[in-house]
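Since every read-out is calculated from the coordinates, none of them should be taken as a lab result. This structure is a prediction, so every number in the text was calculated from the model and none was measured. Cβ placement follows ideal geometry from the backbone for every residue including glycine, while neighbour counts extend to all protein chains displayed.
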Amino acid sequence: MSAENENISLTNEPDGVTTICFYHPAQNSLPSALLKQLTNAVFSAGNNPETKVIVLKSAGDRTFCAGASFDELLQIKDREAGALFFEGFSNVISACRKCPKIIIARVQGKAVGGGVGLAAAADYCLASEAASIKLSELTIGIGPFVIAPAVIRKIGLSAFSQLTIRASDFQTAQWAKQNGLYNEVYEDTPSLDAAVYELTQKLASYNPAALAGLKQVLWEGTANWDDLLKQRAAISGELVLSEFTQQALHSFFKDRSK
């Protein structure tokens, strides 16, 4: 899998809508380099005075985001490297939280693990019927600890426990909507894109100061997240070194090569 194909694009439209799009050939999974670029893109868009609203999306018409890069997880050999990898996800969540602009997530396909975290880190989320979700971390011996605060903030502890404990099961886009992760669900991608366009055009016409104030209200009570997410990254970074997780990752690659 060539790292040269992975990329982040940032497009600024004259109407004040900035689109951040990420791509990775392995189902839009997120290795460290891509997480860092995504964090920088969110900060860049947030600090751009011409940007009024941000759309966060992935390329392609299938998987929105498969979460952590298993290739990179298998290369982690010590706690420091593990914590650093998972801090990549915490940095993206923190960038979305601190960004002064409203972020609209456009989820066109399945979201797994960290992909669910990305959707939860947005301020408003539009999805297609194909956008089922799963937190599969327990199946490989770790847990969704870094993204948990963002996900619980959106769907509550009860739905989070179901999503986490049913680690092998996808929940439908409608389930995600009923539990608060998705705000709107559309039949197909063209309908989704039309809705995203309509919403962002409206938002771009609103008072920027009011939108900035709303952003602060939406994230009240999260001032401690920098420390919290770093602590969670350390937990995941240690677990990824466990014999259970190492065997699970090797089994995954063995099955994939068949």
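Separation of the stretch 118-168 and the stretch 186-258, taken as the distance between their Cα centroids, equals 9 angstrom.
Footprinting exposure proxy ranking of GLU243, GLU6, fewest other C-beta atoms within 10 angstrom first, gives GLU243, GLU6. Springs join every pair of Cα atoms under 10 Å in this Gaussian network model of the chain, and among GLY237, GLY82, GLY213 the largest mean-square fluctuation is at GLY213. Scalar couplings 3J(HN,Hα) for the stretch 202-212, obtained by applying the Karplus form with A = 6.51, B = -1.76, C = 1.60 to θ = phi - 60°, are 5, 4, 5, 8, 7, 5, x, 5, 5, 5, 5 Hz; x denotes Gly and Pro. Of the beta bridges in the chain, as assigned by DSSP with both residues counted there, near 25 percent are antiparallel. Mean residue ellipticity at 222 nm, helices only, the chain: -15500 deg cm²/dmol; runs of at least 4 DSSP H residues each add -39,500 (n - 2.57), and the sum is divided by the number of residues. A dipole drawn for the chain from +1 and -1 charges on Cβ atoms has a positive end, and of ALA159, GLN171, TYR182 the residue lying farthest that way is ALA159. If R0 is taken as 30 Å, the Cβ-Cβ distance between LYS177 and ALA210 corresponds to a FRET efficiency of 0.70.
If the segment from PHE170 to LYS36 were pulled out straight at 0.36 nm per residue, it would be longer than the present Cα-Cα gap by 45.5 nm. Extension gain for the segment LYS98 to ASN47, taken as residue separation times 0.36 nm less the Cα-Cα distance, is 17.3 nm to one decimal. About its Cα centre, the stretch 122-200 has a charge dipole of approximately 460 debye under the convention of +1 per Lys or Arg Cβ and -1 per Asp or Glu Cβ, with nothing else charged.
Between the amide H of VAL185 and those of ALA127, distances stay under 5 Å, these residues lying 5 or more places away or on another chain, with hydrogens modeled in the peptide plane. Taking the charge dipole of the chain about its Cα centre, with +1 at Lys and Arg Cβ atoms and -1 at Asp and Glu Cβ atoms, the residue from PHE145, THR19, ALA194 reaching farthest to the positive side is PHE145. Near VAL55, the amide H atoms lying under 5 Å from its own belong to THR18, THR19, ILE20, ILE104; only residues 5 or more places off or on other chains count, and H is placed 1.01 Å from N. Summing Cβ point charges (Lys, Arg +1; Asp, Glu -1) relative to the Cα centre of the stretch 1-158 gives a dipole of roughly 440 debye.
Given a cut-off of 22 Å, what percent of all Cα-Cα pairs of the stretch 72-224 lie beyond it?
Looking at the stretch 72-224, the distances longer than 22 Å represent 44 percent of pairs.
Kindly state, to the nearest 0.05, the FRET efficiency for GLU80 paired with ALA26, given R0 = 30 Å and r defined as their beta-carbon distance. In this case the efficiency is close to 0.75.
Could you please rank TRP219, TRP225, placing first whichever residue has the fewest other Cβ atoms within 10 Å of its Cβ?
TRP219, TRP225
3J(HN,Hα) along the stretch 103-110, derived from phi through the Karplus expression 6.51 cos²θ - 1.76 cosθ + 1.60 where θ = phi - 60°, amounts to 10, 9, 8, 10, 10, 8, x, 4 Hz, with x in place of Gly and Pro. Annotation: the residues ILE147, ILE103, ILE133, sorted from fewest to most other C-beta atoms within 10 Å of their own C-beta, follow the order ILE103, ILE133, ILE147.
Whole-Hz Karplus values for the stretch 227-235 come out as 6, 4, 5, 5, 4, 5, 4, 5, 4 Hz, taken residue by residue from phi with 6.51 cos²θ - 1.76 cosθ + 1.60 and θ = phi - 60°; glycine and proline positions read x. The relative contact order of the chain, computed from alpha carbon pairs under 8 Å that lie at least 6 residues apart in sequence, is 22 percent.
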